[in-house]
Amino acid sequence: MAAGTLLARRGTSPRRLPTIKTAIIAAAAYVIAIIFLLPYAEMLITALRPQRELLGRNYVPHHFAWSNLTNMWGSSFGITTSLRVSLEVAGGATVLVLLVAIPAAYYTARHHFRGRGLFLLVVLVTQILQPTALIVGIYKEFLNFHLIDTVWALIMVNAGFNMAFAVWILNAYFASIPVEIEEAAMVDGSSRFGTMFRVTFPLALPGVVTALIFTFIAAWNEFIAALTLTTSNDVTPLTVRLDSFIGQYTVDWQHLFGASVVATIPVLILFALIERRVVGGLTAGSIR
Amino acid sequence: MPHLAAAEEAAGEQHRRSPSPPRPQRAGRARRTRRRLEPLAWLAPATILIAVVVIWPIVALVQTSMQNITPIGVTIGSAGAKNFSKLFHDPNLPGILARTVLWVVAVVGITMLISLGLAQLFNQRFPGRRITRWALIAPWAASVMMTALIFRWMLQPDSGAINIFLHQLGIVHQFNSNESSWLGRPDSAMAWMIGVAVFVSLPFTTYTLLAGLQTIPGELFEAARVDGASQWRSYRSITLPLLRPAFVVAVVINVMNVFNSFPIIWEMTRGGPGYATNTTTVFMYNLKESYIGEAAAMSVVNFSLIIVIVLIYLRVNNWNRQAAR
């Protein structure tokens, strides 16, 4: 390193070699990044295609129909209703996950007790299970409980299958907060719950935010459970609504992708915020 | 972020370090009962949720697989093993099983190979790395169902963007023809759907491998360089072996995701033409529409395979934690 800088200062070339290498690496990375974004660019472009140019054989239409983005909210498409349902389901599932995962994660991080290993094992198993394999059972169960066509069914299913992630990530955060900090607060006269709310939670906030965003996105994007558990247009989230566009005589592709763009952009931004912490939660901490 | 293994150990140590306070004799039984019930209060909400959403459906699933249910949903008694024998005698099943194996092996194999390269690339330092990594997560954050739809649209035979591109390259000669109708032919439809599945799998596997790469101490490469090892040699002898824990976790989770994958095939072909692009997961869903008993039987078969994957996952997880100690 030191020799490298010395040589560079003398004006000889050895420093240029790594620069060329860096340039090649960067160029390759940019190309790959663009490839990854292309389908979503096409989504946006199609959303802006005027009806006349929908089937035009060009990458970009001659005119952009910005009015598509306002027309698609018309009641005949049901996008407004579905967006509301998606928000209810994702919001409800997120609240439920935090309500059940925070106490479980806190207690398992702080105490050793009988059954702790078993509990964490069950959570680990639910982590990699998915609603898909159980969908027939889930359908039969909610049919029995008369919960078909309710947002509650979707809230519960989404919360159940995403709780594990929240437990892992919160468990790791709680465990990293020294007990001494809590003890000091309690010596100063704070109650046990007061300590939890005023001392522990603020310190674990990044974990809570990660769990919150992750659950919200997962529930927002969920498809098969919603497809199975809803039939009425009043309770179909956006993913199911868009699916119902397909197979109709004339598919309003521009509106379909307009709604997709609206559903995708916030999710991309939110995910970028938690990007660094997600892997640890998904691999139950065995990596990182 | 501290990993769970370390976190658990730390929690254990804290517990061992602080001896339980001397208990007064008469507090005895009531207190002990309370102590024993305390974990229950904290874990009950999570446990109930798991019971309702995961355990109950498993029971309902197994029950349904042995019931005789008419297409309109009326249960007319027990079917014994009839649903299973009907399923196993279904002439479409052998093809579907073979296709499922192909689907999982091809998607996971290609994904892991590409993400080894991607992880290596995105682990280098270069200006704008942060932004390119954000682009990489797009297919992970976006709904798979919407990603599949946009690919279906781009492959559309008349004016899809991919067909326009392939036409410019001279691969597709005519629009609206058999050759430009990629999703209309089972083989090419399968190939494209495998491509889409790889595309949406790459972010997770690449990020997992990136996390694994960061656990490898840089001094090792330094030492290898001093010893005159080539880059390829140090990749083979240092990176690959030390990356194994991350690699194996990525493979197992990816296998699970791909085996359970439904939206890609559903949105692009609905499993058609006929049953020619069904995997066991899509077949189960298609059966559910009219033969729910047989669908449940298919699910039971799928679920048995999933248990095997889960056991492998638990095994791997255990190894990794022990290695981390």
Number of the condition not met by A:A185 [criteria: (1) part of a helix (DSSP H, G or I); (2) touching a residue at least 12 places away in the same chain (Cβ under 8 Å); (3) within 25 Å of the chain's Cα centre (by Cα)]: (3)
Could you pull out the residue among A:L54, A:L38 that is over 26 Å from the mean Cα position of the chain (by Cα) and over 30 Å from A:M163 (Cβ atoms)? A:L54
Criterion: touching a residue at least 40 places away in the same chain (Cβ under 8 Å) and either open to solvent by 30 Å² or more (accessible area, probe 1.4 Å) or touching a strand residue (DSSP E or B) at 6+ places or on another chain (Cβ under 6 Å) (or both) - qualifying residue of A:P206, A:P237: A:P206
Do we have A:F119 as more than 20 Å from B:N260 (Cβ to Cβ), over 24 Å from the mean Cα position of the chain (by Cα), without any contact (Cβ under 8 Å) to a residue 60 or more places away in the chain and surrounded by 16 or more Cβ atoms within 10 Å (Cβ to Cβ) here? yes
The condition from (1) under 28 Å from A:I138 (Cα atoms); (2) away from chain B (no Cβ under 12 Å); (3) buried (at least 18 other Cβ atoms within 10 Å of the Cβ) that A:S232 misses is numbered (3)
Go through region A:147-198 residue by residue and tally those that are within 20 Å of B:L43 (Cβ to Cβ), at pLDDT below 90 and open to solvent by 20 Å² or more (accessible area, probe 1.4 Å). 5
Answer yes or no: is there a residue in region A:122-144 that is of a type in the set (F, W, Y) and open to solvent by less than 10 Å² (accessible area, probe 1.4 Å). yes
Sort through B:L113, B:L102 and tell me the only one that's more than 12 Å from chain A (Cβ to nearest Cβ), without any contact (Cβ under 8 Å) to a residue 60 or more places away in the chain and either in contact with a Ser or Thr (Cβ under 9 Å, 6 or more places away or on another chain) or open to solvent by 70 Å² or more (accessible area, probe 1.4 Å) (or both). B:L113
Report whether or not B:R130 is touching a Ser or Thr at 6+ places or on another chain (Cβ under 7 Å) and not hydrophobic (A, V, I, L, M, F, W, C). no
Within region B:298-323, can you find the residues that are in contact (Cβ under 8 Å) with a residue 40 or more places away in the chain, touching a Leu at 6+ places or on another chain (Cβ under 9 Å) and farther than 16 Å from B:N260 by Cα? B:N317, B:R321
Among the helices (runs of 4 or more DSSP H) contained in region A:70-164, which hold 2 or more residues that are facing chain B (nearest Cβ under 7 Å) and farther than 23 Å from A:L227 by Cβ? A:79-110, A:116-128
Just for region B:212-221: of the residues that are open to solvent by 80 Å² or more (accessible area, probe 1.4 Å) and not in a loop (DSSP other than H, G, I, E, B), which one is nearest to B:A323 (Cα to Cα)? B:Q214
All conditions in (1) surrounded by 24 or more Cβ atoms within 10 Å (Cβ to Cβ); (2) in contact with a Leu (Cβ under 7 Å, 6 or more places away or on another chain) are true of A:L98 except (1)
Is there a residue being polar (S, T, N, Q) and surrounded by fewer than 18 Cβ atoms within 10 Å (Cβ to Cβ) anywhere in region A:54-62? yes
Residues (exposed (fewer than 12 other Cβ atoms within 10 Å of the Cβ) and either assigned to a helix (DSSP H, G or I) or among the basic types (K, R) (or both)) located in region B:222-239: B:E222, B:V226, B:Q231, B:W232
Among B:I55, B:I69, which is within 14 Å of another protein chain (Cβ to nearest Cβ) and open to solvent by less than 70 Å² (accessible area, probe 1.4 Å)? B:I69
Among (1) touching a residue at least 24 places away in the same chain (Cβ under 8 Å); (2) at the interface with chain A (Cβ under 7 Å from one of its Cβ atoms) - the single one B:V62 does not satisfy: (2)
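The values are calculated or read from the model by the stated rules, or taken from the named source; none is laboratory data. Fair warning: this is a prediction, and the values are worked out from it, not measured in the lab. In this analysis, Cβ positions are derived from the backbone assuming ideal geometry, glycine residues included, and neighbour counts consider all displayed protein chains. The accessibility values were calculated without ligands, DNA or RNA, using every heavy atom of the protein model including side chains. Shrake-Rupley method; radii C 1.70, N 1.55, O 1.52, S 1.80 Å.
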